[in-house]
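The values are calculated or read from the model by the stated rules, or taken from the named source; none is laboratory data. All values derive from a computational prediction rather than experimental measurement. Here the Cβ positions follow ideal geometry from the backbone for every residue, glycine too, while neighbour counts run over all protein chains shown. Each accessible area value is taken on the protein alone, full model and side chains, heavy atoms only, with ligands, DNA and RNA left out. Shrake-Rupley method; radii C 1.70, N 1.55, O 1.52, S 1.80 Å.
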Amino acid sequence: MMKEYFSYRRATIFILFLVWAFFPLIHYLYRQPMASILYSCIILTFLSFLYLAVDFIAFSRKKKRMALLLAELSTEPKDLPEADNSLEEDYQEMILGLYFEMKKNFAYMEKEHQEQMEYYTMWMHQIKTPISAMELSLKNQKTQESRVIEGELFKIEQYVEMALHYIKIKNLSSDLVIREYEVSDIVKASVKKYASLFINKKLSVFIEPATMYVKTDSKWLSFLVEQLLSNAIKYTNEGRINIRYKKNILIIEDTGIGIKEEDKERIFEKGYTGYNGRIDKKASGIGLYLVKKVADNLAIRVEIESKLGEGTKAVMIFPDSDRIMIE
């Protein structure tokens, strides 16, 4: 603080220094008594230090007030420290003007964003109708080509669902309905939903018989399970996917390509695809980012264990509950 003050008042201190130097010199040149010179210097020094001390206290208070305002910046104007001169008053008027301009721009951006979100949400709901119509049409055909197209349509539908969840995630807390649910029922429903992808890739799936009750939101827990299943299917070319339970833990394990060691720390980052993203050019790096966001809101800890070429294990750790029974 002292260093900042000296920098702020360097011109004033320099002038005082010149006064201390020339005042005694002029008295000496006019042959004033030494006692008079010394007395004058003591008075000058006392008044100078008194001024600097009072000014430093005022500077310190203003500096602390400004630091507090800086730490609590918002779109609403704050009470600025009282201006000491007309120049500071001009600066404060400029700051208030910028506040009001920012608030106006912020309101405009919020309106634009809300309109965009409403449009995207409407589009996502509308696009489901032609997707469903195409799926119904393909179900009447039993050719290999129709099964492939059906699988791709399913992926499109999942991408639309992911985009819808991405929009909702900013206000996720208002969308949660927390109740007690049976986890294995949710898992089985998710596996059934992805049955066509398992069949197309000729992957087997094992679900350990278990009953586990947790307090959560069923829709968003389904989203978590489906995202982890989707990743497991996407990066597993042969073998199987195992779904197992431990106390308060759900494990989804695959025999896929695995994850590089250097990528593990960043897999939950938005847009990060890592080594696997070089293999799958369509990877967006959004899936696990959304998993982490949703899991945090549901108080679920998600851990990923993997070794390149040996598969990946996704572990979902729920808050403590005694209602688990492995059959």
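Can you show me the helix-derived [θ] at 222 nm for the chain, built from DSSP H runs with n ≥ 4 at -39,500 (n - 2.57) apiece and divided by the number of residues, rounded to the nearest 500.
Calculated at 222 nm, the ellipticity per residue is -20500 deg cm²/dmol.
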- Item | Rh by Kirkwood over Cα pairs, then Stokes-Einstein D for the chain at 1.567 mPa s and 4 °C, µm²/s | 49
- Note on the structure: Computed over region 173-315, protein heavy atoms only, probe 1.4 angstrom, the accessible area per residue in square angstrom equals 50
- Message: Just to be sure I understand the model, the point goes 7 Å from the Cα along the line to the Cβ. What's the resulting Asn200 to Ile249 distance in nm?
- Response: 3.3
- Within straight cross-link reach of Lys3, meaning Cα distance under 28 Å, which lysines are found once same-chain residues fewer than 8 apart are removed? Lys62, Lys63, Lys64, Lys78
- Kirkwood estimate for region 101-241, i.e. one over the average of 1/r between Cα atoms, Å: 17.7
- Query: Using a basic spin-label model with each label point 7 Å from the Cα along Cα→Cβ, how many nm lie between Val54 and Ala299?
  - Reply: 5.9
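List the trypsin sites (Lys or Arg not before Pro) in region 1-58 that DSSP assigns to loop (not H, G, I, E or B) and whose Cβ has at most 12 other Cβ atoms within 10 Å. Which are they?
On the way: sites: Lys3, Arg9, Arg10, Arg31; in loops: Arg9, Arg31.
Passing sites in region 1-58 are Arg31.
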- Filter the chymotrypsin sites (Phe, Trp or Tyr not before Pro) in region 13-97 to those in DSSP coil with at most 10 other Cβ atoms within 10 Å of their Cβ, and list the result. Tyr30
- Query: Any idea what angle helix 144-168 forms with the longest principal axis of the chain, computed on alpha-carbon atoms, 0 to 90 degrees, nearest 10?
  - Reply: 30
- Item | Per residue accessible area in Å² of region 1-73, where ligands, DNA and RNA are left out and the probe is 1.4 Å | 82
- Could you pull out the trypsin sites (Lys or Arg not before Pro) across region 105-168 that fall in loop regions by DSSP (anything but H, G, I, E, B) with no more than 15 other Cβ atoms inside 10 Å? Lys142
- Note down the net charge around Glu226, summing +1 for each Lys or Arg and -1 for each Asp or Glu among other residues with Cβ under 13 Å from its Cβ. +4
- Return the carbon/sulfur percentage of the accessible area of the chain, one whole number, probe 1.4 Å, all protein chains in place. 59
- Heavy-atom accessible area ranking, 1.4 Å probe, most first, across Thr273, Thr236: Thr273, Thr236
